[in-house]
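What follows is a single structure, written as structure tokens, with notes after it.
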Amino acid sequence: MEIERKFLIDAKNLPKNLDSYPCLEIEQGYLCTTPVVRIRRQNDSYYLTYKSKGMMAREEYNLPLTKEAYEHLKPKTDGILIAKKRYVIPEKDNLSIELDVFMAPYDKLLLAEVEFPTEEAANSYKPPSWFGEDVTYSTQYHNSTLSKGAPSDS
């Protein structure tokens, strides 16, 4: 079960020492968006992911792929291939902030996700002051939605 909250971030509010945090290079495409079936390259690791319906809490299953399987499936994806850098920033209560800095065509979009052990923890979370709007319940900011269309003025 994945339980997470998602927030928009203004580029003016980014942590000053962002490059000091671990960073993952991510590329992902969608074979299907209902249900979500995604392939992802994360640095030198490859995955096939299934996600059930849901907003803050939903089932998620990750299966390892070989690089060859990823490359075979990549041309079969629909829409935009999402590329982003993910910075992993320590947060209070043994949590982590995953800050996604998107590449073109979404290069103005910055999203922070925080994953929680329980829905109660997610609901009681007080985000840091540099977080913007809580978009947890907006499908507009799901990567599967972003893969479908032209970028907004995000």
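The values are calculated or read from the model by the stated rules, or taken from the named source; none is laboratory data. All values reported here derive from a predicted model rather than from experimental measurement. Note that we place each Cβ from the backbone using ideal geometry, even for glycine, and neighbour counts take in every protein chain shown. Only protein heavy atoms, including side chains, enter the accessible area calculation; ligands, DNA and RNA are left aside. Shrake-Rupley method; radii C 1.70, N 1.55, O 1.52, S 1.80 Å.
Before moving on, here are some points about what is shown:
- Wholly within segment 47-154, helices (runs of 4 or more DSSP H) carrying at least 1 residues that are charged (D, E, K, R) and either open to solvent by less than 50 Å² (accessible area, probe 1.4 Å) or free of Cβ contacts under 8 Å to residues at least 24 places away in the same chain (or both): 67-73, 119-124
- Test set (1) in contact with a strand residue (DSSP E or B) (Cβ under 9 Å, 6 or more places away or on another chain); (2) modelled with pLDDT of 95 or more - Met56 fails condition number: (2)
- Residues of segment 1-46 that are part of a loop (DSSP other than H, G, I, E, B), touching a strand residue (DSSP E or B) at 6+ places or on another chain (Cβ under 7 Å) and hydroxyl-bearing (Ser, Thr, Tyr): Tyr21 alone.
- Any hit, segment 111-133, residues being modelled with pLDDT under 95, out of contact with any helix residue (DSSP H, G or I) (no Cβ under 7 Å at 6 or more places or on another chain) and basic (Lys, Arg): no
- The set of residues in segment 14-39 being touching a residue at least 24 places away in the same chain (Cβ under 8 Å) and open to solvent by 70 Å² or more (accessible area, probe 1.4 Å) consists of Pro22, Glu25.
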